[in-house]
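See below for the structure under consideration.
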Amino acid sequence: MTKDNTKAGRSENNAGQKSNPNHKSSKKHEENIGITVKKAEDIAEWYQQVCLRGELAEYAPVKGCMIIKPNGYAIWEGIQDYFNKIIKLHKVKNVYFPLFIPESFFKKEAQHAQGFSPEVAWIANKEDEYDKERLAIRPTSETIMYDAFSRWIRSWRDLPVKINQWCNVVRWETEATKLFLRSREFLWQEGHCAYETKEEAEEETLTYLQEYKRVCEELLAFPVIAGRKTDKEKFAGAVYTTTVEALMPDGKALQCGTSHLLSQGFAKSFGISFLGRNEQQQMPWQISWGISTRLIGATVLMHSDDSGLILPPRVAPVKAMIVPIIFEESKKAVVERCYDVADVLKNVGIPVEVDAREEYSSGWKYNQYEMLGVPLRIEIGPKDLEKDQVVLVRRDTRKKDFVKVKDLQESVEKTLEQMHHDLFSKAIKFLDENVVKVNSFTELIITIKDKKLAKALWCGATECEEKIKDKTAGVNARVLPFEDNTSKPHGECVLCGKDAMHVVVFGRSY
């Protein structure tokens, strides 16, 4: 966002109003390149333009990688700040582990090694006498962390161990990459915990999944479907994986967070054991959980429109942009009022900025901050000065309200909360209308072609799951929703006709 300028000598032109005679050439600076495609017509190109022109990220010189710009990273910081507060309530402590992982660590857990082998990027350190084996750039940190757990855990008194790290990981994707949604390097958090009992581990596996649901819904304003992955889709080395899945406007599912019950497999592989309360050696029960910068992509896709970004107010780094509307004779008074209003809002913890640049018109700035997704715009001109008011404009609806300065704090707070509520309600309505119950394979195909998710009965056989994927050119089982799988369903598998064991949501994905 544009940094606040000093009050002295700052003025601008208002769109459609008389030019400032001191800035006759100002319009030559106004190259406001907007979004050139419609979301409904070409969502892939639209999404790329919104990310680039919304100044969230740009493509890096290395294929499949991205540069996260200040606006994009500020959103990630907002997610970090929100989630750090949550996990600290659960007594999770942040740590940091090395980026490089010895090859032998991967080989200790067979399923894990096999599952990640296509994605691991290796470094050949032939000239380094200290490294006698290949080193991997971490795709995830289970192995190097659990090597440390084998030293940290000796007694039941050492448990539980609850750690988390915010870091980057590398997965050598060969598929088409997309900013935030799929890249070779991305940022995430990964939580890793060890417990004395299976009951604790299972309970906390679900606990962190529910916290991810909170992040999506209470911070980012979009709903998710919580449930389990099928065995085919679970994390390599887990007993089972739980997930929160979102539906994007193009009809594709997006995995927004996962929490895995690892059981005792990694403990066995890495020699993690402790002396139990019964004076017997035991192995701990382990879990891991993670979210990534993919959440930024989900937020962009879900809420933004043909004019650019729409950021949910709770995660937007700047909640409001104050734009002065200037005539030469009232310039000084209007700009001073803008800064006075900014101070009032900042003093109550509402992040706002003033754009008092003179070389851009007010209209240009309106378009710019719409593209950048600032939730509120506050306009102040000479007539507003006379009436002791401001004009408050919502980014999502463009609704304008005339608000007295004395009432501004309350109005801004209420408007921001209403905007979050409205964005979330709209997203819920979209999800409800686009997850369709199907009773046959033909209906499943039609539903997927209509860019919706298909909720179907399934026998539980991986063979059927794979056949569905083959017959539909890539549709897979996204999630077994908790709410639909509290008991065995009545009916037949959507493909083979055998007795159904689960309700599954099928769809295409990123």
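The values are calculated or read from the model by the stated rules, or taken from the named source; none is laboratory data. What you see is a predicted model, and the numbers here were worked out from it, not measured in a lab. Please note: Cβ atoms are built from the backbone with ideal geometry, for glycine as well, and neighbour counts cover all protein chains shown.
Here are some notes:
- Close pairs (9 angstrom Cβ cut-off, 6 or more residues apart or separate chains): on the phi > 0 side of the Ramachandran plot and of a type outside the set (A, V, I, L, M, F, W, C) in the stretch 93-115, surrounded by fewer than 16 Cβ atoms within 10 Å (Cβ to Cβ) and modelled with pLDDT under 95 anywhere: none
- Checked against (1) modelled with pLDDT under 90; (2) exposed (fewer than 13 other Cβ atoms within 10 Å of the Cβ), P98 meets all criteria but (1).
- Residue within the stretch 351-368 that is within 20 Å of D305 (Cβ to Cβ), out of contact with any strand residue (DSSP E or B) (no Cβ under 7 Å at 6 or more places or on another chain) and of a type in the set (G, A, S) present: yes
- Scan of the stretch 187-212 for residues that are hydrophobic (A, V, I, L, M, F, W, C) and surrounded by fewer than 22 Cβ atoms within 10 Å (Cβ to Cβ), ordered by number: L187, W188, L206
- Subset of the stretch 258-268 (residues that are buried (at least 22 other Cβ atoms within 10 Å of the Cβ) and more than 30 Å from D81 (Cβ to Cβ)): F266, A267
- Pick from the stretch 469-510, criterion in a strand (DSSP E or B) and over 31 Å from the mean Cα position of the chain (by Cα), ranking: farthest from E443 (Cα to Cα): D499
- Residue in the stretch 186-201 that is within 15 Å of I291 (Cβ to Cβ), without any contact (Cβ under 8 Å) to a residue 40 or more places away in the chain and assigned to a helix (DSSP H, G or I) present: no
- Filter result for G474 (in contact with an Asp or Glu (Cβ under 9 Å, 6 or more places away or on another chain) and either of a type outside the set (K, R) or modelled with pLDDT under 95 (or both)): no
Residues are listed down the side, and each one gets a yes or a no for (1) outside any loop (DSSP other than H, G, I, E, B); (2) in the same structural domain as A342 (by TED's automatic domain parsing); (3) within 29 Å of the chain's Cα centre (by Cα):
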{"residue": "E386", "(1), (2), (3)": "yes, yes, no"}
{"residue": "T397", "(1), (2), (3)": "no, yes, yes"}
{"residue": "F402", "(1), (2), (3)": "yes, yes, no"}
{"residue": "K414", "(1), (2), (3)": "yes, yes, yes"}
{"residue": "Q418", "(1), (2), (3)": "yes, yes, yes"}
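- Scoring E218 on the criteria (1) part of a helix (DSSP H, G or I); (2) farther than 30 Å from N278 by Cα; (3) without any contact (Cβ under 8 Å) to a residue 24 or more places away in the chain leaves a single failure, condition (3).
- Inspection of the stretch 330-351 finds no residue satisfying the criterion of being modelled with pLDDT of 95 or more, touching an Asp or Glu at 6+ places or on another chain (Cβ under 9 Å) and of a type in the set (D, E).
- Unique match (being touching a helix residue (DSSP H, G or I) at 6+ places or on another chain (Cβ under 8 Å), of a type outside the set (V, I, T), assigned to a loop (DSSP other than H, G, I, E, B) and in the same structural domain as P317 (by TED's automatic domain parsing)) among E353, E358: E358
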